[in-house]
Amino acid sequence: MNNVRVLIVDDEEMVRRGMARTVHKLEYEVDEASDGDGAMAAIQANEYDVVVSDIRMPGMDGIELLKLIAKRDPDIPVILMSGAPSLETAIKAVEYRAFRYLTKPFQPQEFQRVVQHAARLRQLAQLKSQALAISGSPGGREGSFEALEAAIERLMDSFWMAYQPIVQAADRSIFGYEALLRTEEPSLPHPGAAFQAAERLQCVHRLGRAVRDRTVEPIAKAAGENVLFLNLHPQDLADEELLAEDSPIASMAWRTILEITERASLESVPDAADRVKLLRERGFRIAVDDLGAGYAGLTSFATLEPDFVKIDISLVRGVDRDPVRQKLIRSLNKLCEEMSIQVVAEGIETPEERDTIIDLGCDYLQGYLLARPGPPFPEVAW
Ligand code: G
Ligand code: MN
């Protein structure tokens, strides 16, 4: 991976120098600017991975700078600092998506940790855009509203859940099962199409609840401690039913990993981070799904702080013959290990892909080679 480059903006030279020394210990490159204009000039001339800025400065203040940076590249994490924190600036910092708001004074270790975390998320975002470039982004299809309404009603009546094993690379044991929506409705042939339709018809919660109702029973009945990987639409995050103590999934929260896809945007859920926090308090764990197939950017990782990531099939396909995919997945595994995130590789179809994926350090494997999705619960073949 490339060197990390950090820009530190503060009008007080001593403070700036101190922070620069702290960041330098991470073996990051550091540049300094003494005001907002200087910072923007540096940002136009160089590629930064993290910007750290004081809020109160002569001339352009830190909030103005944050706005300009967000306009130029919304995926540069900006850490704001203030010696005189106020509610007003804190609100603005959130509004313009500052990465963190630090109150001075702070411990060098804390500062280092925040900068390092920001740098890692930035690197993840960059790996994701590389992944997108490799896999090509998906296109959408549109039909008439009425036809879609009829199709989703047919789907509601007829869908069932299939289960696909997820296998531990280390000892080939079954770690859990991903529940997958299955239907014979021809116009909505896969779960992505079904949820896209539900989005357009504004019935995502209804479909999500129906999926959870039908998913839980076989898993709850099955003995053992296998986990359930359950796909959520980002809008499901806002569904109260997911947090209700008497919902079908509540009793299984401790062994349920909620997958949130990168194919749909989290922006539509204004308080996504808070919702995820509540879900965690209920015992759920969180996975970022389809990494490499959807939106690039910082948001999903910064907001979800996932326990797992699932590498999309488009990156796994042919990985044994493609040094670019290998390098990407290796870097991703390294970064995830540093952040205590476990990695699942999806869509493994050949022994060569499986072996390469294991060599590259993925913890868990999923794909037709090992088992196709089926009625509860398919056997695994190595
Ligand atoms: O988006 P998400 O990762 O939740 O969906 C996984 C989809 O990929 C499911 O529909 C599942 O049936 C499919 N799938 C799982 N393993 C394989 C595989 O090895 N090859 C292919 N082509 N599809 C797979
Ligand atoms: Mn999934």
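The values are calculated or read from the model by the stated rules, or taken from the named source; none is laboratory data. This structure is a prediction, so every number in the text was calculated from the model and none was measured. Heads up, the Cβs are rebuilt from the backbone with ideal geometry, glycines too, and the neighbour counts pull from every protein chain shown. For accessibility, only protein heavy atoms count, side chains too; no ligands or nucleic acids. Shrake-Rupley method; radii C 1.70, N 1.55, O 1.52, S 1.80 Å.
When the charge dipole of the chain is built from unit charges on Cβ atoms (+1 for Lys and Arg, -1 for Asp and Glu) and taken about the Cα centre, the candidate among 62, 177, 91 whose Cα reaches farthest toward its positive end is 177. For the options 224, 294, 38, a Gaussian network treatment of the chain with springs between C-alpha atoms closer than 10 Å singles out 224 as fluctuating the most.
Here the Karplus relation 6.51 cos²θ - 1.76 cosθ + 1.60, evaluated at θ = phi - 60°, turns the backbone of the range 202-207 into coupling constants of 6, 10, 4, 5, 4, 5 Hz, with x for every Gly and Pro.
For the range 194-351, the Stokes-Einstein estimate of translational diffusion at 25 °C and a viscosity of 0.890 mPa s comes to 148 µm²/s, using the Kirkwood hydrodynamic radius over alpha-carbon pairs. For GluC sites (Glu not before Pro), the sites in the range 303-382 that DSSP calls loop and that have at most 15 other Cβ atoms within 10 Å are 349, 379. Applied to the range 98-113, the Karplus parametrisation 6.51 cos²θ - 1.76 cosθ + 1.60 on θ = phi - 60° returns per-residue 3J(HN,Hα) values of 5, 6, 8, 10, 9, 9, 7, x, 9, 6, x, 4, 5, 4, 4, 4 Hz, with x for Gly and Pro. Taking the centroid of alpha carbons for each part, the range 171-242 and the range 352-381 are 20 Å apart. In the chain, the C-alpha radius of gyration followed by the widest Cα-Cα span (Dmax) gives 22.6, 68 angstrom. The charge dipole of the range 1-50, taken about its Cα centre with unit charges on the Cβ of Lys, Arg, Asp and Glu (plus for the first two, minus for the last two), comes to roughly 260 debye. Relative contact order of the chain: 13 percent, from C-alpha pairs under 8 Å at least 6 residues apart in sequence.
Would you mind pulling out the separation of the Cα centroids of the range 268-299 and the range 26-54, in Å? Taking the Cα centre of each part, the range 268-299 and the range 26-54 sit 29 Å apart.
If one puts a single equal scatterer on every Cα of the range 1-147 and applies the Debye formula without solvent, what log₁₀ I(q)/I(0) results at q = 0.20 Å⁻¹? Debye intensities relative to I(0), on a log10 scale: -1.23. Think of the range 232-329 as a dipole: +1 on every Lys or Arg Cβ, -1 on every Asp or Glu Cβ, centred on the Cα centre; then among 323, 270, 299, 323 lies furthest on the positive end.
Residue by residue, the range 336-351 carries 3J(HN,Hα) couplings of 5, 4, 4, 9, 6, 10, 8, 10, 10, 9, 9, x, 6, 10, 10, x Hz when phi is fed to the Karplus relation 6.51 cos²θ - 1.76 cosθ + 1.60 (θ = phi - 60°); x denotes Gly or Pro.
Ranked from largest to smallest solvent-accessible area, with a 1.4 Å probe on the protein heavy atoms, 316, 380 come out as 380, 316.
Grouping the Cα pair distances of the range 325-381 into 5 Å bins from zero gives a pair-distance distribution of 4, 19, 26, 22, 13, 10, 5, 0 percent in increasing distance order. Heavy-atom accessible area, probed at 1.4 angstrom with all protein chains present, ranks 364, 295 as 295, 364, highest first. Considering only 108, 306, 165, the mean-square fluctuation computed in a Gaussian network model of the chain, springs between alpha carbons under 10 angstrom, is largest for 108. When only the Cβ of Lys, Arg, Asp and Glu is charged (+1, +1, -1, -1), the dipole of the chain relative to its Cα centre reaches about 440 debye. Net length available on complete extension from residue 68 to residue 106 is 11.1 nm, with 0.36 nm assigned per residue and the Cα-Cα distance removed.
Annotation: amide H of residue 185 has no partner in the under-5 Å range at sequence separation 5 or more or interchain, hydrogens built in the peptide plane.
Restricting the range 220-277 to GluC sites (Glu not before Pro) that sit in a DSSP loop and have at most 12 other Cβ atoms within 10 Å of their own Cβ leaves 225, 245.
When the charge dipole of the chain is built from unit charges on Cβ atoms (+1 for Lys and Arg, -1 for Asp and Glu) and taken about the Cα centre, the candidate among 345, 9, 358 whose Cα reaches farthest toward its positive end is 358.
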